[in-house]
Amino acid sequence: MRVLLIDDDNALATLLSHHLTAHNYIVDRVTDGEEGWVYGSTLEYDLIILDWMLPKLDGIHLCQRFRNEGYGVPILLLTAKDEQTDKIRGLEAGADDYVVKPFDTAELLARIRTLLRRRFTEPEPLLGWGKLCLDPISCEVTYEGQRISLTAKEYSLLELLLRHSQQVFSANDLLDRIWSSEEFPSEATVRSHIRGLRRKLKAVGKGIDLIETVRGLGYRLKSQAIQSIHQSNPANLSLKDKHAIYLDGLTRAWNTHKSESIERCNYLITIAQLSKDQDISEQQRIQARQTAHSLAGTLGTFGLMEGYHIAIQIEHLLQAEENFSLTQKSQLQALATTLRHAIDEPPQLISSEDPYDDKPRVLTIDICDVPYVQQLIALFVAQKFQVNVAASLESAEQILSMTSSSSLTSLQQPENLPDVVLINLVSNETDLLLDESTLKMMMEFIETLAKRWPQLPIVTITPQADFGNRLDLIRRGSTIVMEYPLVPSDILAVVTREIHHNLRFSKIMIVDDDSHHLKQITHFLQPWGFQITPLENSSRFWTLFTQVKPDAVVLDIEMPHVNGFELCQTLRSHPEWQHLPIMFLSIHSETLKQHQAFACGADDYITKPVQGKDLAVRLLNRLKRHHALLQWQQTMASVS
């Protein structure tokens with residue numbers, strides 16, 4: 001199969017080409033949209049993979065051009081743009097699939113195989129010739145169950161002949177289909193690979209020659225019906241071994257291309273510094289946005305998730321059409337500087353299940369553009385917070401839907417209401433105090449905000465935190481008062497604790513017949529302040545459950561007396577526990593088990609082993625949604 005890869009990110013394109021080649025795809029790489037059009041409209045490809053943001057011609061317009069000219073080749077958009085409107089626009093432009101960076105390589109390869117199967121309309125995934133079997137999914141070739149080791153070119157030759165069993169391929173045909181445009185082989189090279197493939201097939205097939213030479217025309221399979229094979233061969237390596245091998249390759253690839261990412265980051269730092277002294281041009285803004293977009297894709301692909309989130313935030317910041325405010329300029333500089341440090345982190349495997357999908361939301365109100373606040377914003381972004389910044393009280397009121405035109409009643413709240421509001425009352429690093437009129441407006445705003453939403457935590461940073469000032473802030477509605485100077489990491493810790501304050505003391509019931517694992521999980525969750533009720537004997541579940549009345553339940557699957565599925569079904573059969581968060585924690589990773597769990601009414605499913613932080617964050621997210629539901633129900637009851 002021949003693939004055209006159009007992406008100007010050299011590190012990502014190199015890594016992706018390596019994986020595609022390892023799975024026996026022939027890859028042509030180009031770096032801009034116009035060159036992609038030349039290749040795609042001139043040569044024959046089975047699939048086109050292209051980025052959205054490309055030099056000269058972007059991916060959306062290139063995709064539209066292919067479709068308008070009647071090219072039916074499958075197109076897969078591979079981009080860091082993750083908004084729903086972006087996906088819709090990409091698919092409407094003619095793309096067959098849309099994958100967001102960072103991506104899981106195994107999932108991407110599976111999507112590629114799906115697109116190719118649709119094109120070739122294969123009834124079954126495996127191809128065979130007598131006792132010979134080729135599996136396009138695992139890229140394994142076997143004869144009577146014995147694996148045959150082939151080179152990438154030998155595999156591609158055999159797959160092509162199997163897929164087109166009646167067709168004769170000349171040497172030039174094979175050169176066009178099997179060798180990439182960067183290679184310059186001769187017909188002698190084709191003959192050499194055919195001889196090698198024949199020799200290996202004869203060695204396992206008792207001398208039987210699979211390939212026939214049609215004199216003067218080329219090569220084809222000898223007459224024998226192609227058949228579908230239904231059995232598959234077990235993998236020789238464990239999942240853990242495969243992950244270790246993949247991570248090792250990922251690390252080596254990253255070390256090769258890390259300097260390119262550093263160069264891009266330094267460009268963003270230069271733009272950020274330039275913006276502090278003058279307004280950057282539209283061309284500079286576009287170039288910087290494209291750089292941040294490409295950098296996000298690279299960092300996400302290599303598992304540097306902190307850098308990925310920061311680069312995405314920079315890209316969003318650069319999308320504004322108007323000139324930067326002072327706050328935005330400081331924020332851009334803080335983000336770019338933090339991004340440079342994030343690049344020094346080692347690559348990590350990307351989990352297909354992100355426990356941080358429900359990101360905490362923070363509104364920061366800073367009307368004085370204090371540098372330490374900008375450092376704090378960068379830290380929030382790096383920790384996967386959703387951050388809104390208001391440089392004025394008017395802007396804060398718009399974000400919170402507090403304007404007079406808002407139709408919300410005092411019992412309702414906007415969908416984007418943050419989890420915490422952080423208010424800075426420090427003027428600058430030398431003259432700390434706000435002028436009297438500004439301070440009065442800020443204090444009145446805190447009071448109004450607290451009356452409107454009493455449940456909303458307000459963290460206030462002030463240069464004067466003696467008893468009198470602290471008492472005044474508390475009376476007006478501040479939840480936490482912190483005295484300047486302090487370091488951003490301390491503020492982050494306080495904000496994080498305040499976000500989860502109402503959830504940290506939730507009662508969690510954990511049911512597992514493995515006493516060692518039960519103690520381990522209890523130990524993992526202790527630092528998070530949960531009230532843990534462990535239970536080893538599932539037959540005592542209902543008695544203990546009705547006494548404790550937990551806020552969430554964590555279940556194992558396989559237990560004597562009563563299994564986890566039965567416990568989940570029993571809880572869901574009771575009207576009072578229809579919405580109770582229920583999570584399965586099991587050693588079983590099979591999709592069937594997960595489907596059974598969700599069919600029983602589970603809210604989440606985690607495979608052992610699990611890190612304590614991941615489990616705690618997943619629990620907090622479930623509890624947060626559950627509490628939001630209860631709050632909404634109480635609000636509706638009071639309205640009616």
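Points to keep in mind about this one:
- Of the residues making up segment 578-602, those that are within 19 Å of residue 507 (Cβ to Cβ) and modelled with pLDDT under 90 are 578, 579.
- Residue in segment 561-569 that is modelled with pLDDT under 90 and not charged (D, E, K, R) present: yes
- Any hit, segment 489-510, residues being acidic (Asp, Glu), assigned to a helix (DSSP H, G or I) and at pLDDT below 85: yes
- When segment 286-321 is filtered for residues that are part of a helix (DSSP H, G or I), open to solvent by 10 Å² or more (accessible area, probe 1.4 Å), touching a residue at least 24 places away in the same chain (Cβ under 8 Å) and not aliphatic (A, V, I, L, M), the ones remaining, listed by number, are 289, 290, 291, 306, 308, 309, 313.
- The lone exception for residue 557 - which of (1) touching a strand residue (DSSP E or B) at 6+ places or on another chain (Cβ under 9 Å); (2) at pLDDT 90 or above; (3) outside any loop (DSSP other than H, G, I, E, B) it fails: (3)
- Single unsatisfied condition, residue 608 versus (1) open to solvent by 20 Å² or more (accessible area, probe 1.4 Å); (2) modelled with pLDDT of 90 or more: (2)
- Restricting segment 421-441 to residues that are under 15 Å from residue 487 (Cα atoms) and not in a loop (DSSP other than H, G, I, E, B) leaves a set whose member that is farthest from the chain's Cα centre (by Cα) is 424.
- Residue among 467, 445 that alone is among the aromatic types (Phe, Trp, Tyr), surrounded by fewer than 16 Cβ atoms within 10 Å (Cβ to Cβ) and out of contact with any strand residue (DSSP E or B) (no Cβ under 6 Å at 6 or more places or on another chain): 467
- The set of residues in segment 142-158 that are over 13 Å from residue 204 (Cβ atoms), open to solvent by 30 Å² or more (accessible area, probe 1.4 Å) and aliphatic (A, V, I, L, M) contains only 152.
- Within segment 38-128, helices (runs of 4 or more DSSP H) holding 2 or more residues that are hydrophobic (A, V, I, L, M, F, W, C), under 20 Å from residue 14 (Cα atoms) and open to solvent by less than 40 Å² (accessible area, probe 1.4 Å): 105-120
- Among the criteria (1) closer than 20 Å to residue 140 by Cα; (2) modelled with pLDDT of 85 or more, the one residue 268 does not fulfil is (1).
- Restricting segment 524-537 to residues that are more than 29 Å from the chain's Cα centre (by Cα) and of a type outside the set (A, V, I, L, M, F, W, C) leaves a set whose member that is farthest from residue 616 (Cα to Cα) is 537.
- Of the set (1) modelled with pLDDT of 85 or more; (2) over 28 Å from residue 442 (Cα atoms), all apply to residue 393 but (2).
- Any hit, segment 178-190, residues being at pLDDT 75 or above, open to solvent by 40 Å² or more (accessible area, probe 1.4 Å), farther than 17 Å from residue 26 by Cα and not in a loop (DSSP other than H, G, I, E, B): yes
- Within segment 271-284, one or more residues are at pLDDT below 85, closer than 29 Å to residue 427 by Cα and either among the aromatic types (Phe, Trp, Tyr) or part of a helix (DSSP H, G or I) (or both).
- Count of segment 465-486 residues, restricted to those that are among the polar types (S, T, N, Q) and either under 17 Å from residue 449 (Cβ atoms) or not in a helix (DSSP H, G or I) (or both), is 2.
- Pairs, first at negative phi and open to solvent by 10 Å² or more (accessible area, probe 1.4 Å) in segment 8-20, second part of a loop (DSSP other than H, G, I, E, B) and not charged (D, E, K, R), C-beta under 7 Å, six or more apart: 8/31; 8/54; 8/55
- Selected residue (criterion: surrounded by the most Cβ atoms within 10 Å (Cβ to Cβ)) from residues of segment 322-344 that are of a type in the set (Gly, Ala, Ser) and over 14 Å from residue 265 (Cβ atoms): 330
- Scanning segment 349-371 for residues that are modelled with pLDDT of 80 or more and either surrounded by fewer than 20 Cβ atoms within 10 Å (Cβ to Cβ) or basic (Lys, Arg) (or both) yields 361, 368.
- In this entry, residue 437 is excluded by the filter for residues that are farther than 21 Å from residue 498 by Cα, open to solvent by less than 60 Å² (accessible area, probe 1.4 Å) and modelled with pLDDT under 95.
- One residue stands out among those in segment 538-589 that are charged (D, E, K, R) and either within 34 Å of the chain's Cα centre (by Cα) or closer than 22 Å to residue 616 by Cα (or both): the one that is least open to solvent (accessible area, probe 1.4 Å), which is 556.
The values are calculated or read from the model by the stated rules, or taken from the named source; none is laboratory data. None of these values were measured; they are calculated from a predicted model. In this analysis, Cβ positions are derived from the backbone assuming ideal geometry, glycine residues included, and neighbour counts consider all displayed protein chains. Side chains are part of the model used for accessible areas, which takes the heavy atoms of the whole protein and leaves out ligands, DNA and RNA. Shrake-Rupley method; radii C 1.70, N 1.55, O 1.52, S 1.80 Å.
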